[in-house]
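Just below is one structure, and these are the notes that go with it.
The values are calculated or read from the model by the stated rules, or taken from the named source; none is laboratory data. Because the structure is a prediction, the values reported are computed rather than measured. Note that we place each Cβ from the backbone using ideal geometry, even for glycine, and neighbour counts take in every protein chain shown. When the accessible area is computed, the model is the full protein with side chains, heavy atoms only, and any ligands, DNA or RNA have been set aside. Shrake-Rupley method; radii C 1.70, N 1.55, O 1.52, S 1.80 Å.
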Amino acid sequence: MGAHSIEVGTAPPSPAEVVAVARDGARVGLSAAAERAMAASRAHIEELAARPTPVYGVSTGFGALASRHIPPELRTRLQLNIVRSHAAGTGPEVEREVVRAMMLLRLKTLATGRTGARPETARALAALLNAGITPVVHEYGSLGCSGDLAPLAHVALALLGEGRVRDADDRLIPAADALKRADLRPVELGAKEGLALLNGTDGMLGMLVLALHDLRGLLTAADIATAMSVEALLGTDRVFDADLQALRPHPGQAASAANLRLLLAGSPIVESHRGPEDTRVQDAYSLRCAPQVNGAFRDTVAHAALVADRELAAAVDNPVVLTDGRVESNGNFHGAPIAYALDFLAIPLADAASMAERRTDRMLDKARSFGLPPFLAADPGVDSGHMIAQYTQASIVAELKRLAVPASVDSIPSSAMQEDHVSLGWNAARKLRRAVDGYARVVAIELFTAARALDLRAPLRPGPATATVLAALRRHVPPPGPDRHLSPEIDAATALVRDGTLVAAAESVTGPLA
C-alpha cells in the first residue's frame with residue numbers, strides 16, 4: 001500500500017490510521033490474510049445456510065422476530081429487507097469524518113473473518129471509501145443496543161445503490177448515481193451479510209477515537225493557557241515543583257505540572273515577585289490546583305484510550321463465526337464499554353473548562369487581578385475590553401456542564417422487549433463531540449485573554465515559551481487597543497488552538513510537551 005493508504009487486515013487498525021482515513025482521505029485496501037479469513041468463515045456460513053435447522057442471522061429473522069425460520073428462497077430478500085428497514089435515521093446529517101470512521105471500523109471487523117461476510121462485500125465497502133463516497137447518516141436513530149444499527153444501515157444502503165450519499169465533491173446525490181460515476185456496482189447481499197454490515201459499535205467507537213485525538217492536543221494547549229494565566233495574574237510556579245507533585249503520584253498530574261514548569265521557565269514576570277515584598281501566601285485554587293484538575297483529565301483520556309484500543313481489537317457482530325466453524329449468538333454488540341468512556345470524558349472536560357473560565361474571570365476583575373485594568377479595557381467605562389468574551393466562555397461552560405450528564409445511565413427498551421437494556425452510546429458520543437468543540441473555544445478564550453493581560457504587564461515580559469506563543473497569536477490577533485469586533489479574534493484563536501499552531505510555538509522553545 002502507498003504512503004497514504006491503510007492496509008486493513010486481521011490485526012486492529014491504530015487510532016492514527018482511523019484519523020487518517022476519516023479526516024485525511026487515506027485510501028484503504030484489504031490484506032491477503034483478511035481475504036483468506038473472510039473466505040474461510042464464509043464457507044462455514046454457506047454450509048450452515050444449507051442445513052434444514054435454523055441458525056440465527058443466517059436462516060432466521062432478527063431481534064424479536066428471531067423465532068421464524070426463513071426458507072432459502074426468501075433469504076436474499078431477508079438481507080435486503082434488514083438493511084432497508086433499519087435505515088430509519090432522521091435529523092441532520094452526521095459529519096463526513098464520523099461516517100468515514102464508521103465505515104473503516106465496520107470494514108476492519110469484516111476483515112477479521114468473524115462475521116461470515118464475503119471478501120467481495122468487504123472490497124465493495126473499501127471501494128466506497130476510496131471513491132470518496134460518503135453515505136448520508138442521520139443524527140438520530142441509534143440506541144447503542146445491537147450496536148449502531150440505523151447509522152450502519154444507511155452505510156449499507158449505499159452499498160446496495162439505494163439512499164443518498166455525498167460524492168467526493170460533497171454533492172448530495174442518489175447512491176445509484178454515485179456508484180455509477182465511480183464505476184462501482186451495487187452489492188447483492190448473501191446470507192447473513194445484511195446483519196454483518198449493521199451489527200457493530202462502529203459509530204460510537206469512531207467518535208471516541210476522533211475525540212481522543214483532539215483532546216490530546218487540547219490538553220497541551222490548556223496547559224499553555226494556564227501558564228499564561230499564571231504569569232498574567234502574578235502567580236507562583238513553586239507549587240508545580242516536581243517534589244511537591246510526586247507526593248500525589250498521578251501520571252496526568254505529573255505531566256501537566258511538568259508542562260507548566262517548562263512553559264514558565266525563565267519568566268521575568270514570575271521572577272519579578274519572588275522576593276519578600278510579595279506578601280501573598282498562596283494563589284487561588286484555579287492557579288494552584290491546575291495540574292490536579294488538568295492532570296485528572298489527562299488520566300481520564302488515558303483510560304478512555306485503553307478502552308478504544310481494546311475496541312479496535314474487537315470483532316463485534318452477532319452472531320459471530322468462530323475459528324472452529326461454530327456460529328454463536330453473543331452480547332458483544334452492547335455499547336456499554338464505549339458509552340461509559342464517552343460519558344466519563346465529558347465530566348472532567350466540563351470541570352477543566354470551568355476552572356479555565358475562573359482564571360479568565362480573575363484576569364478581568366480589578367479586585368483580583370493585581371493591577372490589571374478592569375476587564376483589560378483600554379479606557380474602562382468607554383471600553384468594555386474582554387467583558388463579553390468571558391460571558392461567551394461562561395455560556396459555553398454552562399452548556400458543557402449540561403453535556404456532562406451521562407447518557408449511559410438511561411435505557412429505553414426496544415424490539416418488543418428483546419432488547420430490554422440499551423447503552424445509548426451513540427448519544428454519549430454525539431454530546432461529547434459538542435463538548436470537545438466547546439472546550440476548544442473555552443481554552444482559546446482563556447489564552448486570548450491571558451495574551452492581552454501579558455501585553456498589559458509591559459514592561460515586564462513573559463517567559464521565552466509563552467512569549468513565543470504570544471507572538472504566534474499576534475500574527476492573527478492584534479494587540480490591546482480600543483474596543484473592536486471580538487468574534488473574529490476569538491475564532492482565530494480557536495483555530496490556532498485546534499490546529500496545533502500555538503502548541504508548536506511553545507514546543508519550539510520547550511521541546512516536546514506532554
Which order do the peptides 164-170, 118-124 take when ranked by the mean count of other beta-carbon atoms within 10 Å per residue, highest first?
118-124, 164-170
The stretch 272-360, accessible area per residue, ligands and nucleic acids excluded (1.4 Å, Å²)
42 Å²
Residues of the stretch 434-513: accessible area per residue with a 1.4 Å probe, Å²
39 Å²
For the peptides 43-49, 281-287, 134-140, what is the packing order when you average, over each peptide's residues, the other Cβ atoms within 10 Å and list the highest mean first?
134-140, 43-49, 281-287
Label point at Ala471 placed 7 Å out along Cα→Cβ; residues across the stretch 489-514 whose backbone nitrogen lies under 18 Å:
501-512
Solvent-accessible area per residue for the stretch 1-41 at a 1.4 Å probe radius, Å²?
48 Å²
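Would you kindly state how much longer the chain becomes between Glu120 and Thr501 on full extension, computed as 0.36 nm times their sequence separation minus their alpha carbon distance, in nm to one decimal?
Length gained, Glu120 through Thr501: 132.9 nm.
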Surface share of carbon and sulfur [accessible, 1.4 angstrom probe, percent] for the chain
56 percent
Distance (nanometres) between label positions extended 7 Å along Cα→Cβ at Arg23 and Ser329:
4.1 nm
Full-extension gain between Lys366 and Ser31, please, as 0.36 nm times their residue separation minus the C-alpha to C-alpha distance.
114.2 nm
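Net charge near Pro12: determine it from the other residues with C-beta under 14 Å of the C-beta of Pro12, scoring Lys and Arg +1 and Asp and Glu -1. If you can, show how the numbers build up before the last one.
Details: positive: Arg106, Lys108, Arg114, Arg310; negative: Glu7, Glu17, Asp202, Asp309, Glu311.
After counting each charged neighbour, the total is -1.
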Per the stretch 185-290, sqrt(5λ) over the Cα gyration tensor eigenvalues, sorted largest first, in Å, gives 50, 14, 10
Mean shadow area (nm²) of the C-alpha convex hull around the stretch 225-372 is 11.8 nm²
Could you work out the Rg to Rh ratio of the chain, with Rh taken as the Kirkwood radius (inverse of the mean 1/r over all Cα pairs)?
1.07
With no solvent and one equal point scatterer per Cα, compute the Debye intensity ratio I(q)/I(0) for the stretch 216-260 at 0.14, 0.21, 0.28 Å⁻¹ and report its log10, rounded to two decimals.
-0.33, -0.71, -1.03
Ranked order, Val239, Val422 - accessible area, probe 1.4 Å, largest first
Val239, Val422
Against the 2.2 N^0.38 Å scaling, with N counting residues, where does the stretch 406-454 land? I'd like the Cα-based Rg ratio to two decimal places.
1.93
Any chance you could look up the accessible area of Phe370 with a 1.4 Å probe, heavy atoms only, rounded to 10 Å²?
100 Å²
In nanometres, what is the gap between the two model label sites at Asp455 and Arg164, each 7 Å from Cα along Cα-to-Cβ?
4.5 nm
Over the chain, what is the mean sequence separation of C-alpha contacts under 8 Å (at least six apart), divided by residue count, expressed as relative contact order in percent?
17 percent
Long-range lysine pairs (8 or more apart or interchain), the chain, Cα under 29 Å:
6
How big is the charge dipole of the stretch 402-514 about its Cα centre, in debye rounded to the nearest 20, if each Lys and Arg gets +1 on its Cβ and each Asp and Glu gets -1 on its Cβ?
380 debye
